[in-house]
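Read the figures in this text as sums done on the coordinates, not as results from a lab. Computed from a predicted model, the values in this text were never measured in an experiment. Cβ: placed from backbone, ideal geometry, glycine included. Neighbour counts: every protein chain shown.
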Amino acid sequence: RATPFIYYPPLLLPSLRLFIPPLRLVSAAMWHVVQRGSVHDYGMVEEFISTVTEIVPDLLNADQKAQLLLGLRARSLTQSHTPSRRYTIT
């Protein structure tokens, strides 16, 4: 006997804010971008890091921040200039 399918609508953003503080939600999203390797979104990660370190200056020292931001830029540049691989089936 099949169990009936029950549809639960997705939680709306205001509802999510009750469960997850906004900074944690954005941090998780940025981490997901980096984990996925979505270099086209690295600019957004760079902006997030800059904003957070302006608000909390002791979070990273200047060397750590520079290394992180330069690493993101370098990865973004190298990935954007790498020709995409296309496979043909013969």
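Express in nm, to one decimal, how much length is gained between Leu25 and Glu47 on full extension, taking 0.36 nm for each residue of separation and deducting their alpha carbon distance. Numbers along the way, then the final one.
On the way: separation 22, 0.36 × 22 = 7.92 nm, distance 1.57 nm.
Full extension of this stretch gives 6.4 nm more.
Taking a point 7 angstrom from the Cα of Val56 along the C-beta vector, which residues in segment 22-49 have backbone N less than 18 Å away?
22-32, 45-49
Above 11 angstrom, tally the Cα pairs of segment 37-78 and express them as a % of all pairs, no decimals. Before the final figure, lay out the partial values.
Values: 537 of 861 pairs.
Of all Cα-Cα pairs in segment 37-78, 62 percent lie more than 11 Å apart.
Provide Ile49, Ile55, Ile6 in ascending order of the number of other Cβ atoms located within 10 Å of each residue's Cβ, fewest first. Let's see the in-between values first.
Numbers: Ile49 17, Ile55 9, Ile6 5.
In increasing order of surrounding Cβ atoms, one gets Ile6, Ile55, Ile49.
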